1. Can you tell me the order of 32-41, 67-76 when each peptide is scored by its average per-residue count of other Cβ atoms within 10 angstrom, highest first?
2. My understanding is that a pair violates if its Cα-Cα distance is over 32 Å; which of Lys177/Lys224; Lys61/Lys154; Lys21/Lys122 do that in this structure?
3. Give me D for the stretch 1-141 in µm² s⁻¹, whole number, from Stokes-Einstein with Rh from the Kirkwood sum over alpha-carbon pairs, 37 °C and 0.692 mPa s.
4. Could you let me know the centre-to-centre spacing of the stretch 29-90 and the stretch 173-244, using Cα atoms, in angstrom?
5. Per DSSP helix of 4 or more residues, -39500 (n - 2.57); summed, then divided by the residues of the chain. What does that give at 222 nm, rounded to the nearest 500?
6. Tell me which of Tyr17, Phe159, Gly80 sits at the most positive position along the dipole axis of the chain, charges placed on C-beta atoms (Lys, Arg +1; Asp, Glu -1).
7. What is the extension gain from Asn238 to Asp268, computed as 0.36 nm multiplied by their sequence separation minus the C-alpha to C-alpha distance, in nm to one decimal?
8. Which whole-number percentage describes the relative contact order of the stretch 46-93, with Cα contacts under 8 Å and a sequence gap of 6 or more?
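Throughout, read-outs are computed from the coordinates displayed, never taken from laboratory work. Keep in mind that what you see is a predicted model, and the values were worked out from it rather than measured. Cβ placement follows ideal geometry from the backbone for every residue including glycine, while neighbour counts extend to all protein chains displayed.
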Amino acid sequence: MLKNDMAISVTGLEKSYKNLKVLKGIQFSIKKGSIFALLGSNGAGKTTAIKILTTLIKPDKGSVQICGYDILRQSNEVRGVISLTGQFAAVDEIMTGRENLRMIGKLRHLSEVNNRVDELLKRFDLLEASDRRVATYSGGMRRRLDLAMSLLGKPSVIFLDEPTTGLDPQSRLSMWKIIKDLTQSGITVFLTTQYLDEADQLADHIAILNEGKIVAEGTSAELKKLLPHGHIELKFYNDTGLKAAGELLQEYGCSSDKQNTTLSVATDGSLKQITDILNKLEKQGIPVAEFSQKQATLEDVFLTIIGENKEKEAI
Ligand SMILES: Nc1ncnc2c1ncn2[C@@H]1O[C@H](COP(=O)(O)OP(=O)(O)O)[C@@H](O)[C@H]1O
Ligand SMILES: [Mg+2]
């Protein structure tokens with residue numbers, strides 16, 4: 001019995017380049033119509049995973065099914081249901097946006113290409129620029145065109161390899177909106193990212209790839225329980241203030257850096273908890289010289305999950 005509601009299932013995937021073991025047995029499944037994010041730092045093996053799933057390279061071990069088709073035995077069928085857009089958009093600079101789209105339509109022998117091209121240009125906010133050469137497009141526009149080209153063939157599963165890397169904040173936000181909208185038409189999205197916030201914003205399901213293994217996996221809410229919620233940093237005028245604050249706030253989990261009299265306090269990220277902490281200090285008459293809130297980075301996440309501690313002296 002096939003698992004019909006799964007768009008992708010991966011088991012025991014391994015891949016090495018010569019002596020370099022990149023994927024050391026990874027597995028996950030992705031529900032149809034959902035957004036899945038493979039999160040990992042630069043060099044973690046995200047593109048390698050995408051290349052295997054899209055039949056560009058072969059795995060050393062393991063099995064992958066896309067919409068029920070096996071990537072090794074049914075690679076043509078797999079290619080028929082997927083599309084891939086990369087970090088480096090595969091658009092032709094000399095041609096206009098519209099020409100790029102029409103060319104793909106012709107290559108794929110699609111019917112009613114012109115209507116579909118117009119619809120996609122409009123949807124991706126490229127109508128105005130459609131008759132300009134792509135060479136004049138911004139990075140964000142190129143990515144949007146690349147995505148439009150991918151959608152022309154109506155794929156069931158779309159692979160986006162670092163869709164926002166290198167984009168300015170505004171283009172990044174508009175890309176996020178476009179990606180979220182994709183699932184409304186029932187498409188399954190597999191994306192890779194180096195950014196925690198991107199995975200958090202977009203994905204129904206996140207898998208964290210580190211040193212060739214999936215080190216954590218779940219919904220954003222599930223992962224948040226595992227992840228550090230960020231912490232606040234409090235700076236005091238002197239060592240006495242620092243020490244008193246450390247004792248007062250013991251229940252939260254604190255660490256300090258005596259050299260610059262900074263106390264780092266773990267929080268759940270809620271405004272209430274942060275206010276409580278500041279109120280407690282005020283009530284005890286411990287003046288705070290500086291306050292800042294730190295977001296958890298991908299490195300913090302790895303450190304937390306892998307169970308290592310920062311080299312900070314615990315109070
Ligand atoms: N064709 C290749 N030959 C040898 N090493 C490669 C090849 N492609 C990627 N690598 C190496 O494999 C590791 C994973 O690369 P990649 O999958 O591109 O990571 P990511 O996409 O997460 O940044 C890196 O150390 C990279 O240098
Ligand atoms: Mg990559």
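1. Top of the packing list down: 32-41, 67-76.
2. Lys21/Lys122
3. This corresponds to a translational diffusion coefficient of 188 µm²/s.
4. The two parts, judged by their Cα centres, are 22 Å apart.
5. -10000 deg cm²/dmol
6. Gly80
7. 8.1 nm
8. RCO, the stretch 46-93: 29 percent.
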